[in-house]
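Note sheet for the following structure.
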Amino acid sequence: MSPDDLHLQLRNLREEDYPQLKLLMDKVYDDIGGAWEEHTIFNLIRDFPEGQICLEDNGTIVGVALTVRVTYDKFSNPHQYDDLLGKRDKILNESNGDALYGLDVLIHPDYRGYRLGRRLYDARKELCMQFNLKAILAGGRIVNYHRYSDEISASQYLEKVRRREIYDPILTFQLANDFNVRRLLHKYMPEDKKSKGYATLLEWSNFLYEPADTIISARSRNVRIGAVQWQMRAVESVEELLKQVEYFVDALSSYKSDFALFPEFFNAPLMGLTDQSRQMEAIRFLAGFTERFRKEMSQMAVSYNINIITGSMPLLEDDSLYNVTYLCRRDGSVEEQRKIHITPHEKRDWVIEGGDKVQVFQTDAGRVGILVCYDVEFPELGRLMAEEGLEILFVPFWTDTRNAYLRVRHCAQARAIENECYVVICGSVGNLPEVESLDVQYAQSSVFSPSDFAFPHDAVMSETTPNTEMLMFSDLNLDELRYLHHEGSVTNLKDRRTDMYSVNKKWRA
């Protein structure tokens with residue numbers, strides 16, 4: 001048959017299609033009894049019309065997928081094919097079921113080789129996502145097992161098919177279509193002599209599935225990020241600087257941002273209010289304002305209905321100094337993340353110490369993490385966050401030269417690719433001659449994405465003009481990450497060789 005002669009159409013099965021369906025099922029299922037009775041198919045079409053899909057070529061049905069809704073908890077455990085049947089071969093469809101169950105997929109022998117089965121499987125996946133169901137389950141025959149049953153067990157057969165040492169027309173196809181084998185089912189269909197009564201319990205998980213929530217509590221998958229490329233300028237008081245902070249928070253909130261990000265040490269101009277001859281004393285002077293900034297920025301988060309990442313500030317605790325950033329949620333709660341890796345300058349001139357843990361924070365707009373400047377240059381931290389479901393990584397930074405900035409930028413882009421997440425970097429600009437060792441700033445704030453078809457060609461979602469005070473916005477779709485994790489051109493998260501290497505945290509949660 002020439003491909004030029006094909007005229008394929010995908011549609012739902014209708015009752016008047018039964019004569020054609022019977023011919024097809026009798027031809028394909030001659031070894032297990034042939035076609036379902038007419039009333040069985042009619043009941044399926046009436047109970048769940050969306051789940052009965054066919055492919056026709058020039059008006060002739062050449063492929064069919066039959067599907068019902070079931071309860072996931074029941075059919076993701078051991079069962080038999082007869083568990084799907086009621087009286088008089090009525091196939092049971094649970095109208096409120098939270099999963100699909102694939103009954104049959106069959107292709108006319110003359111049309112094999114055109115990958116029509118993949119079209120039917122893809123249509124099922126679309127249906128699963130459309131109905132927001134957990135998964136597609138199926139009992140898969142292993143029709144070539146009878147050839148090997150005297151030599152190997154059914155479990156060994158599955159492993160050899162998985163390793164492509166044995167070809168099984170059904171199981172090999174299902175594995176190629178992202179189905180996972182949950183377990184081996186015994187006596188699934190006793191009359192199936194080719195499979196010796198065995199079947200695989202297969203599952204395709206809907207990575208877009210969201211449990212039922214009220215509209216108010218359901219989390220949006222579209223997130224707007226706002227960042228402040230902050231101009232360092234001399235100030236006369238802490239009130240003046242806080243007024244400037246509130247101005248930007250107000251502006252970002254007006255544009256419906258879910259997050260506001262400030263740079264590392266954005267309140268450093270306050271050190272200009274004290275003696276600069278001793279840098280250790282100046283940074284400790286600045287630390288005296290940190291609690292006030294934390295409280296007031298938390299209040300702004302609530303008042304302006306926006307989650308704020310406060311940049312970073314020095315924190316004095318038990319006579320030890322830390323570089324800390326706060327996540328001020330718009331519900332009033334506050335979390336902190338301390339800088340882990342301290343730069344030589346911070347150690348030498350300010351005697352800052354490193355924190356001892358990183359974590360991922362749940363917010364109403366995604367799972368986020370924060371790494372302060374130098375920390376993003378250490379891939380282990382991003383890896384640990386990715387294993388906890390990181391979606392957006394915020395990186396407040398301060399750099400004085402372009403080469404210092406490029407270290408942060410390039411490492412941030414690497415974290416976005418290897419951890420399949422968004423990364424937002426935000427820095428400060430301008431000059432601050434009044435403050436020793438913080439007199440020059442260089443920054444170009446940016447939002448980076450993974451590098452794949454769903455994202456910009458250069459994996460840059462948004463970026464500012466270098467060295468200019470301005471706001472930056474970017475709209476991020478978290479569902480695109482979930483697609484990437486499962487169906488990307490490459491799948492870094494799935495393909496890590498954890499059998500060879502791993503990153504382990506040494507702190508207690």
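Tabulated results
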| item | result |
| --- | --- |
| Segments 414-425, 381-392 sorted - mean Cβ within 10 Å per residue, highest first | 414-425, 381-392 |
| Length released on extending from SER153 to TYR483, taking residue separation times 0.36 nm less the Cα-Cα span | 115.2 nm |
| With Cα atoms, 0 to 90° folded angle of helix 290-303 axis to the chain main axis | 50 |
| Sequence ranges 38-44, 97-103, ranked by mean other-Cβ count within 10 angstrom, highest first | 97-103, 38-44 |
| Taking the C-alpha atoms of segment 65-169, convex hull volume expressed per residue in Å³ | 143 |
| Given charges at Cβ of Lys, Arg, Asp, Glu: segment 222-495 dipole, positive-most of ALA454, MET297, MET232 | ALA454 |
| Packing rank of 365-373, 230-238, where each peptide gets the mean count of other beta carbons within 10 Å, highest leading | 365-373, 230-238 |
| Cross-link partners of LYS295 among aspartates and glutamates (Cα-Cα below 14 Å; sequence separation of 8 or more within a chain) | GLU239, GLU246, ASP331, GLU335, GLU336 |
| Length released on extending from GLU317 to THR40, taking residue separation times 0.36 nm less the Cα-Cα span | 92.4 nm |
| Distance (nanometres) between label positions extended 7 Å along Cα→Cβ at PHE473 and ASP89 | 6.1 |
| Neighbour-limited loop hits for GluC sites (Glu not before Pro), segment 149-213 (at most 10 other Cβ within 10 Å; DSSP other than H, G, I, E, B) | GLU151, GLU165, GLU191 |
| Cα long-axis angle, helix 402-419 against the chain (0 to 90 degrees, to the nearest 10) | 20 |
| Pairwise centroid distance, computed over Cα atoms, of segment 141-191 with segment 346-417, Å | 45 |
| Inter-probe distance in nm under a simple model that places probes 7 Å from Cα toward Cβ, at THR498 and ALA251 | 4.4 |
| Per-bin percent of Cα-Cα distances, the chain [20 Å] | 20, 40, 25, 14, 1 |
| Nearest 10 degrees, 0 to 90: helix 478-487 Cα axis against the chain principal axis | 50 |
| Rg/Rg_globular for segment 229-370, with Rg_globular taken as 2.2 N^0.38 Å and Rg from C-alpha atoms | 1.04 |
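Bear in mind these aren't lab numbers, they're just calculated from the coordinates by the rules spelled out. As the structure is a computational prediction, the values presented were derived from the model and not from experiment. Neighbour counts run over all protein chains shown; Cβ positions are idealised from the backbone, glycine included.
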